[in-house]
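Read the structure below first, then the notes.
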């Protein structure tokens, strides 16, 4: 495990900036940054931007000097690099375009939701996760799914972690309340109620048999579990970063409980296509991570 920094050569705000990365985990990077007094707002998905005046100080505190090409290769090899399409400005534009297609009459609400998903205390429950869920839904929707169902499920995806403070159960309730409040003026009452129901369902990920909308949303939300090994490791590191305030022993115990609950589910994925796409990799990933916590 190591922290790396490239020379300050990226101009912005009247100075030049270096990139600070970890070759192992986002959690390690956040811990180093916090220890040396780098503000969380300087984090940009897979690295911290640090001004030239801090360069020598950070090297003295343990960051290893490498050229920018080497730093990029290390980041790619680590599996932590965020693709350009998921960078904050482009991601924001992509999400707002999706919102405009779904609910064009209230662009301000889409802006507000993107702002919530971009809060600095989030590491996993971010705009990247929101886009991943929406893209998973694009894969899972079938021609027989009517437009009303699609709209409700997509809106539930937008709201399902709109409130995130790291309190399981409470966050889903608060997000559902936000959905009810914000959607009541623009959607029929039955659709608002359905969105609220779906948001609450993401607390358990246990839709009843035949609940097509619930199955779609839960499968899309859990699609991250079926990532390739490196992508799954990045997900785990992001989750750990959100619980940086919890010591390693308590986190390991709590995380192991979550993993056991997921592995004990009759069906981790409910739709046939999700099982085909992600089931095998997800179970392998969950079992491997559980071994790390035992």
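The values are calculated or read from the model by the stated rules, or taken from the named source; none is laboratory data. Note that the structure is predicted; figures quoted are calculated from it, not measured. FYI the Cβ positions are ideal-geometry reconstructions off the backbone, even for glycines, and counts take in every protein chain you see.
Structure values in brief
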| item | result |
| --- | --- |
| Members of region 239-270 found to be within 25 Å of residue 212 (Cβ to Cβ) and touching a helix residue (DSSP H, G or I) at 6+ places or on another chain (Cβ under 7 Å), listed by number | 262, 263, 268, 269, 270 |
| Search result, residues across region 111-128 that are part of a loop (DSSP other than H, G, I, E, B) and under 13 Å from residue 157 (Cβ atoms) | 125 |
| Filtered residue count, region 156-173, keeping only those that are over 15 Å from the mean Cα position of the chain (by Cα) and either crowded, with 24+ Cβ neighbours inside 10 Å or outside the structural domain of residue 190 (by TED's automatic domain parsing) (or both) | 1 |
| Residues of region 255-264 satisfying the condition of being surrounded by 14 or more Cβ atoms within 10 Å (Cβ to Cβ) and free of Cβ contacts under 8 Å to residues at least 12 places away in the same chain | 258 |
